[in-house]
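The values are calculated or read from the model by the stated rules, or taken from the named source; none is laboratory data. Predicted model, so just to flag it, every value in this text is computed and none were measured. As a convention, Cβ positions derive from the backbone with ideal geometry for all residues, glycine included, and neighbour counts pool all protein chains shown. All accessible areas refer to the heavy atoms of the entire protein, side chains included, with ligands and DNA or RNA removed. Shrake-Rupley method; radii C 1.70, N 1.55, O 1.52, S 1.80 Å.
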Amino acid sequence: QRSEAEVVMISVSSYACQRRTSLINHNAVLTDALSLLPHNAELNEDEGRGLAFRRAAAVLKFLPEPVTTTTPLRGLPCLGEHSLRVIEDILQDGASREVESTKRSERFKALKVLNGIFGVGVKTADRWIRAGIRYLQPLQGSGETLSRAQRAGLRYYDDLNQPVSRAEADAVGEIVEKAAVSVLPGARMTLIGGFRRGKLTGHDVDFLLTHPEEGREEGLMPKVVSRLESEGFLLYQKTTRNSYLESEDGPARSSSSMDRFQKCFSIFKLSRGEEGGAEQTGNGESLTPSGQEAWRAVRVDLVVSPVSQSAFALLGWTGSKLFEREMRRWARREKAMSLSSHALYDTRQRRYLRASSEEEIFALLGLEFIPPSERNA
Ligand code: ATP
Ligand code: MN
Ligand code: MN
């Protein structure tokens, strides 16, 4: 039992990578409301403001109990006037006028629908909304040229907007691991992304592939992909080539937040498994007894890393996105280092610092180790 005065005394780092944020959120009402606002800000090309709301929400997620007044929040980092006003409104009136009017706006509703299509980013969604396209149906007849990803996104829209369960993630994992080991004996697969942080559902499933012998992982991705393809597991896939080998400026100096590993963004055809009780109906269509289709589409991301970079890849692909961002900010601002999913570069010593585990990377950055389950900022 903690009194309000004591809550004020909790010292809260302004860096999310110095906070242990589990999945238990005592302030979900507030963080849900705050997390609507970045969408709006970012849509209006205001990335800085969007990030400010995300940081504010992350501080609330970290608090050990529900907030009942804004008074004890005044001394905490990352909670600006705007965020505090939204919180105050919700605590006093049960809702924030700004959040409610955002939710009701045609623009926001359309953005949610269109941005929910795999392959459609905020910019494209925005362009379509300006052209008067607000829903899926009008989009299909609009004459807009759609990319291959967007066409797949439309086709599997309902499935892909259905959260992926942990059981489904594990089922995909078995398939991927089998394929990887069969094309490259000794290949290793690790579940990354939200599921590694202990989330019970996800919007996709993410896997890291590597091989304990440096160099053996080369060419692994196309082999795994064609294996999966020949087994009929892929409804869609787009593989990017790696580019860390030919980069002149070194692995950690990428200006973009995108890394240079070989990646595959895919849509899996996953059978509904035991609980669905799939049955072949004879006419090619297979339905479960309840009339559901016997399979569903699931988004799956694969990334291949050489073992020398795999600790960085693991850290960089475990998330959360804000946690990653904050680690990089910490490295840059407090340590004059540059952290990426490939490496850690010390700008003062002008050299790369090697690490073969996440623990070592935290230590090199002078940070206390935070396990994946507490990186849910
Ligand atoms: P969800 O449950 O919604 O999938 P998640 O945390 O797994 O949540 P993802 O979008 O799958 O979110 O991303 C997982 C991690 O991989 C994040 O930390 C993100 O920074 C990293 N990541 C995702 N896509 C890329 C990319 N193209 N390049 C580099 N890193 C990426
Ligand atoms: Mn994910
Ligand atoms: Mn992903």
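3J(HN,Hα) couplings calculated from phi for segment 170-177 with the Karplus curve 6.51 cos²θ - 1.76 cosθ + 1.60 (θ = phi - 60°) are, in sequence order, 5, 5, 5, x, 4, 5, 5, 4 Hz; Gly and Pro show x.
For segment 125-238, the solvent-accessible area works out to 52 Å² per residue, with a probe of 1.4 Å and every protein chain left in place. Hey, which of these cross-link pairs are over 19 Å Cα-Cα: Lys223/Lys263; Lys61/Lys321; Lys61/Lys335? Check vs 19 Å cut-off fails for Lys61/Lys335. Taking DSSP loops as anything outside H, G, I, E and B, show the longest stretch in the chain free of chymotrypsin sites (Phe, Trp or Tyr not before Pro) there with at most 14 other beta carbons within 10 Å. Here the longest run is 136-368. Overall shape of the chain was characterised from the C-alpha gyration tensor. The equivalent ellipsoid obtained from it has semi-axes of 35, 30, 21 Å, in decreasing order. With +1 on the Cβ of every Lys and Arg and -1 on the Cβ of every Asp and Glu, and nothing else charged, how large is the dipole of the chain about its Cα centre, in debye rounded to the nearest 20? Using only the charged Cβ atoms, the result is roughly 900 debye.
Dividing the helix sum by the residues of the chain, where each DSSP H run of 4 or more adds -39500 (n - 2.57), gives a mean residue ellipticity at 222 nm of -12500 deg cm²/dmol. Solvent-accessible area assigned to carbon and sulfur over the chain amounts to 48 percent, based on a 1.4 Å probe.
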